[in-house]
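Working notes for the structure below.
Every number in this text was worked out from the coordinates using simple rules, so none of it is lab data. Since we're looking at a predicted model, the values are computed, not measured. Note that each Cβ is placed from the backbone with ideal geometry, even for glycine, and that neighbours are counted across all protein chains shown.
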Amino acid sequence: MAISNAKAGLGLGDSNFTFAVYIANKPTMLEYQLLAEVRALVTGEINMINQACGNGWRKVFNVYAKLLYCLDKKHYDFATYAATWQEYRDKYLLQAQSKTALLFSAPTLLPDREVVHIICGKGHAKALINSGELVANVEWLDDEFAIDHHNKLIVCPYFDYRQLSNIKIQRLADLLQNLKTEFKK
C-alpha cells in the first residue's frame, strides 16, 4: 500500500533490482550528482569512486558486498558468483544483471514484488518518513534495526564498519533470511 513518489528510483545498479539499499548521500563526482535513473556500474567503477570520493565510499561498497556474500545461498544466490566478497564487489555488485541497487531516492514499495528494501541509517529512514516520501509501518526492534514485514523493508545502521560491524551484518542477514522465508510462503 505504501508507494513513494519515485517510480523505480535513482541511483547505481541494475534497473531490474530485487535487492535495494537506500542511502542519503551520493558520490561527489558530477556524473553521479546528475543521475535521473538507475544506472549500472561497469567493472572498475567502484574502485574509481573509491579513489575519487574516499574511504567512506569504500566502506559502503565493502559492507554491501559482505552482506550479500553472507546471505543464505538457498534464498539469495549472490555468493555463488564469486569466490570471495571482494571479487563479488569488484565483478558483480551494482552491475547489469546483478539484481542489486544503491539508491539515492525514497523506496517505491510494492508488496507484491519480490524486492527487499534496506534503508541505511535511522536518521535517513526518519527523514524519509517525516517528509512523507516514505509511507511504511516500521516496527523498531531496538535502537538500530526496524522492519516492515509487509513491504519487505528493513532499517539498519549506516553501511560503515563502526556502525554496521560484522556481528550487525550477520544480524541484518538473519533479518533478511526471515523476510525471504516469509514472502516465499
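For this structure, a couple of remarks:
- Computed over the chain: relative contact order in percent, which uses C-alpha pairs under 8 Å that are six or more apart: 31 percent
- Positive-pole candidate from ALA20, TYR81, ILE167, dipole of the chain, charges at beta carbon: TYR81
- Ordering 106-113, 59-66 by mean Cβ neighbour count within 10 Å, with the highest value first, yields 59-66, 106-113.
- Rounded to the nearest 20 debye, dipole of the chain from Cβ charges on Lys, Arg, Asp, Glu: 220 debye
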